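> Quick one: the structure is below, questions incoming.
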Amino acid sequence: MEGKLNCNGCGASYPLDTPYWRCGCGHFLDIEIEAQFPREKILSRPPGMWRYREAIPIGGNVPLVTFGEGFTPMLAIEIAGRTVLVKQEHLFPSGSYKDRGASVLVTQIKHLGISHVVEDSSGNAGAAMATYCANAGIECDIYVPASTSEGKLAQVQAMGARLYKIPGSREDTATAVMAAANIFYYASHTWNPFFFQGTKTFAFEVCEQMGWQAPDAVILAVGNGSLLLGAYMGFSELFKAGIISRLPRLIGVQAANCAPLATAWQENRDDIQASAQQETYAEGIAIRTPLRGKQILEAIRQTRGTLLTVSEPEIRESLEHMCRKGFYIEPTSAATIAGVKKFLEQNFIENQQNLVTVFSGHGLKTGGKIARMLEKHA
Ligand SMILES: *Cc1c(COP(=O)(O)O)cnc(C)c1O
Ligand SMILES: [Zn+2]
């Protein structure tokens, strides 16, 4: 597959098949490829994320690390009095859309002949990496904040990954993993550009499921931006290929208790300041200093999108609301739904406009936390 690893910081570029997870200058890398969407080939393959092979920078002969994941259902659900299309991204093998990134990244890691990786995560990315590494026979060390939900920790350990619980904030965990990343390959869902080459398939599926059209707006929770940036890349490639005629507006949702991006957006600043350290139910997006923060703001600006925040009571309420409809999602995903409600309250959205959002993670991962959230209120 043609393509390059590009550095936006110093302008350097590297061949795709090199084991660099960051540039020599220290900046993160991005992948540039000419994505193609041969309709007949796509339709001849099983419904799954790998049916878009010509848009994923993995050579045609490379064996895939896959469970046949993707092509999650997109259901019309009534939220705040209108119909919203909700992609069921909690229905992945490890219980979150992070499997999209893990499938592509671990395929590339295996292809490069790497046998031992490290990753840090607030839970779901670690669970996804542990799952795909188990399948590929790759050793995997996962660093997590000590406060991570038990279900996710059990999942990581059950997959045979080594678990390192780091006291303190999510950033303390990121610092701890950096030392290990000097020795082992850093399979990071924030640094590693191959991860985003997986999450971008979300956009391809949304487009195909809507009859090869783009929605008007896509509303996503955002911390490090692994889904939002993936969606931006995916829709941009569909646009470049002439399949869609405009990009959907990307609407980012943050927990008010940890909202460095939304704060920068409101203050019209490009320098993102670490947010105060406060607990949030939305553990999956509690990122105080997002590595790709500027890139996220730029993606939202480019699509005429916006960023908004949701409070803890709003997250709890949306969790209860979705559960009472039979959707067992994790609290971080409820933050997205609270964001959908707020977006609809604050904006006039014409009836014929298509809104897409996601259930990003499964409730089964966070049973204890959900019980405590709903109990406290009862
Ligand atoms: C990872 C994740 C998100 C998005 O988080 P980013 O930090 O922006 O990648 C949203 N919901 C869930 C459940 C997640 O695991
Ligand atoms: Zn560089």
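> Out of the residues in the stretch 298-320 that are part of a helix (DSSP H, G or I), in contact (Cβ under 8 Å) with a residue 60 or more places away in the chain and away from ligand 1 (no atom under 13 Å from the Cβ), which is nearest to residue 361 (Cα to Cα)?
In this case the residue turns out to be 316.
> Are any residues in the stretch 49-73 within 21 Å of residue 220 (Cα to Cα) and crowded, with 17+ Cβ neighbours inside 10 Å, and if so, which ones?
49, 69, 70, 71, 72
> Condition test on residue 204, is it within 16 Å of the chain's Cα centre (by Cα), crowded, with 24+ Cβ neighbours inside 10 Å and away from ligand 1 (no atom under 16 Å from the Cβ)?
yes
Here is a yes/no grid of residues against (1) crowded, with 17+ Cβ neighbours inside 10 Å; (2) at pLDDT 95 or above; (3) hydroxyl-bearing (Ser, Thr, Tyr):
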residue	(1), (2), (3)
78	no, yes, no
98	yes, yes, no
105	yes, yes, no
112	no, yes, no
116	no, yes, no
149	yes, no, yes
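> Here are 171, 89, 119: which of them is in a loop (DSSP other than H, G, I, E, B), within 16 Å of ligand 1 (Cβ to nearest atom) and not aliphatic (A, V, I, L, M)?
89
> Sticking with this one: Would you confirm, using the coordinates I've provided, whether residue 40 is away from ligand 2 (no atom under 14 Å from the Cβ), charged (D, E, K, R) and part of a loop (DSSP other than H, G, I, E, B)?
The answer is no for residue 40.
> Let me ask something additional. Filter the stretch 234-290 for residues that are among the hydroxyl-bearing types (Ser, Thr, Tyr) and within 18 Å of residue 172 (Cβ to Cβ); which is nearest to the chain's Cα centre (by Cα)?
This residue is 289.
> Quick check on this structure: which one of 65, 86, 104 is over 18 Å from residue 204 (Cβ atoms), more than 16 Å from ligand 2 (Cβ to nearest atom) and among the aliphatic types (A, V, I, L, M)?
65
> Separate question: Could you say which residue among 261, 250, 227 is within 18 Å of residue 105 (Cα to Cα) and within 13 Å of ligand 1 (Cβ to nearest atom)?
When all the criteria are applied, what remains is 227.
> Related question: Name the pairs: first residue in the stretch 201-216 and under 23 Å from residue 349 (Cα atoms), second residue part of a loop (DSSP other than H, G, I, E, B) and at pLDDT below 95, Cβ to Cβ under 9 Å, at least 6 apart or on different chains?
215/353; 216/349; 216/350; 216/352; 216/353
> Continuing with the same structure: Would you point out which residue out of 57, 47 is away from ligand 2 (no atom under 16 Å from the Cβ), touching a strand residue (DSSP E or B) at 6+ places or on another chain (Cβ under 7 Å) and in contact (Cβ under 8 Å) with a residue 12 or more places away in the chain?
Sole residue among the options that is away from ligand 2 (no atom under 16 Å from the Cβ), touching a strand residue (DSSP E or B) at 6+ places or on another chain (Cβ under 7 Å) and in contact (Cβ under 8 Å) with a residue 12 or more places away in the chain: 57.
> May I pose another question? Pick from the stretch 7-19 the residues that are more than 6 Å from ligand 2 (Cβ to nearest atom), surrounded by fewer than 17 Cβ atoms within 10 Å (Cβ to Cβ) and of a type outside the set (Asp, Glu): which of them is farthest from residue 189 (Cα to Cα)?
Only one residue fits best here, namely 11.
> Among the residues of the stretch 1-27, which ones are closer than 20 Å to residue 117 by Cβ, outside any loop (DSSP other than H, G, I, E, B) and either of a type in the set (Gly, Ala, Ser) or touching a residue at least 60 places away in the same chain (Cβ under 8 Å) (or both)?
Scanning the stretch 1-27 gives a single hit, 5.
> Could you run through the stretch 60-82 and say how many residues are outside any loop (DSSP other than H, G, I, E, B) and without any contact (Cβ under 8 Å) to a residue 60 or more places away in the chain?
So the count comes out to 3.
> Let me ask you something else. For the stretch 207-224, what are the residues that are within 16 Å of ligand 1 (Cβ to nearest atom) and among the polar types (S, T, N, Q)?
Listed by number, the list holds a single entry, 224.
> Among the listed residues 293, 339, 326, 361, identify the single one that is of a type outside the set (A, V, I, L, M, F, W, C), over 21 Å from the mean Cα position of the chain (by Cα) and farther than 19 Å from residue 247 by Cα.
Result: 326 is the single residue among 293, 339, 326, 361 that is of a type outside the set (A, V, I, L, M, F, W, C), over 21 Å from the mean Cα position of the chain (by Cα) and farther than 19 Å from residue 247 by Cα.
> Restricting to the stretch 322-341, name every residue that is of a type in the set (A, V, I, L, M, F, W, C) and in a loop (DSSP other than H, G, I, E, B).
The one that is of a type in the set (A, V, I, L, M, F, W, C) and in a loop (DSSP other than H, G, I, E, B): 327.
The values are calculated or read from the model by the stated rules, or taken from the named source; none is laboratory data. Since we're looking at a predicted model, the values are computed, not measured. Cβ: placed from backbone, ideal geometry, glycine included. Neighbour counts: every protein chain shown.
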